[in-house]
1. Taking the Cα atoms of segment 7-81, what is the range of coordinates along each of the three principal axes, in descending order and whole Å?
2. With 27 Å as the cut-off, how large is the P(r) tail for segment 6-148, expressed as percent of Cα-Cα pairs?
3. Quick check: pseudo-label points 7 Å beyond the Cα along Cα→Cβ at ALA106 and VAL118, how many nm apart are they?
4. Run the numbers on the chain and let me know its relative contact order in percent, using alpha-carbon pairs under 8 Å that are six or more apart.
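Derivation of every value follows stated rules applied to the coordinates shown; laboratory data play no part. Computed from a predicted structure; not experimentally measured. Positions of Cβ are backbone-derived with ideal geometry, glycine not excepted, and every protein chain shown enters the neighbour counts.
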Amino acid sequence: MYKRSAHVLFIGTGDSCPSQMAAGWANHLGGGRIVAHATVIGPHATNSCAIAVMGEAGIDISRQPSRCLAPGMLAWADLVVTVCRGADEQCPALPAGVQKRHWPLANPSQGGENETGVMQAWRVLRDDIRSRVEGMIGGMKMLERMDAD
């Protein structure tokens, strides 16, 4: 086991809440390996569709708001994950030792013209994020096993 939890900062642009969804999954699935926070660059709002589909999976992100990105947050992180092109392009320079990954996630607001299509697009995004977080955690578990040998 790691000496401390990995600090993961998910950064979005605030328009569709994937950073909140990713932090929700990471904190839920991390098993103490991860402490995750959601941040945004620019104006942001909570999205009721994101809250609803995460609730369907048993995760409440309604009290987990994204905060505007501040310089101290970058220094806190071990890993920064940008979750959209805008966040990747606008991400400030990272302090030495902080790793960065980019997840080019789909924009669920383009899911269709009716509520059913939009909600399905949000579910696809939710499941994609879960899969990516599980992969990240799997990599951490592999490193733990290698350290134990």
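1. Here the spans come out as 33, 31, 17 Å, largest first.
2. Every Cα pair in segment 6-148 considered, those over 27 Å come to 17 percent.
3. With each label placed 7 Å out from Cα toward Cβ, I get 1.7 nm.
4. Here the relative contact order equals 26 percent.
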